[in-house]
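The values are calculated or read from the model by the stated rules, or taken from the named source; none is laboratory data. It should be emphasised that the depicted structure is a prediction, and the values quoted were computed from it without experimental measurement. All Cβ positions, glycine included, derive from the backbone under ideal geometry; neighbour counts span all protein chains shown.
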Amino acid sequence: MKEVLEIKLEGMSKLSNIFAYLLSERLIEYDAFAFIKKDAIAVDLSHASDRLTLNKMIEMIEDSLNNLELKDNYTITIDKERIVIKIINTLLVEELLRKYGYQQDRLLICPHCGYVTIYPELLREHIKIHYLL
Ligand SMILES: [Zn+2]
């Protein structure tokens, strides 16, 4: 896989922060993380473990979406080098936004790249990578 994998979100951009957070929680195990990019999410794979395959990545994306109660309400396609997630019923997203909105407010976002976490210690640790280049 490339160093940065783009995940395009169609119909759920308002949930992108919380989705990026849920995905990052799963990616930690593979030394990768997700960050926000306008209407998409990108996954930094520059330090990722070889065990992180595309299938594994899709499995984690599904897991994160199901965790957001979007089960059976999305399609995942691979378009060139990008993964595209399309929401089938966008009305449900509005409903979920009401439910998860407060959690979205608790998220901390890296000012340099858009990495999302709820843990201040993790954000502090993460920000260091921007100064080590
Ligand atoms: Zn960052």
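Odds and ends about this structure:
- Checklist (1) assigned to a helix (DSSP H, G or I); (2) buried (at least 22 other Cβ atoms within 10 Å of the Cβ); (3) β-branched (Val, Ile, Thr) applied to Ile41, failing item: (1)
- Scanning the range 4-41 for residues that are charged (D, E, K, R) and modelled with pLDDT of 90 or more, we see that the one that is nearest to His126 (Cα to Cα) is Asp31.
- Gly114 being among the small types (Gly, Ala, Ser), at pLDDT below 95, closer than 18 Å to Ile36 by Cα and away from the ligand (no atom under 14 Å from the Cβ): no
- Long-range neighbours under 6 Å by Cβ, at least six apart or interchain, first residue more than 20 Å from Asp63 (Cα to Cα) and in a strand (DSSP E or B) within the range 85-113, second at pLDDT 90 or above and within 16 Å of the ligand (Cβ to nearest atom): Leu108/Thr117; Leu108/Leu123; Ile109/Val116
- Scan of the range 114-133 for residues that are part of a helix (DSSP H, G or I) and surrounded by 10 or more Cβ atoms within 10 Å (Cβ to Cβ), ordered by number: Leu122, Leu123, Arg124, Glu125, His126, Ile127, Ile129, His130
- Some residue of the range 64-80 being buried (at least 17 other Cβ atoms within 10 Å of the Cβ), within 14 Å of the ligand (Cβ to nearest atom) and not aromatic (Phe, Trp, Tyr): no
- Hits in the range 44-60 - residues which are acidic (Asp, Glu) and crowded, with 19+ Cβ neighbours inside 10 Å: Asp44
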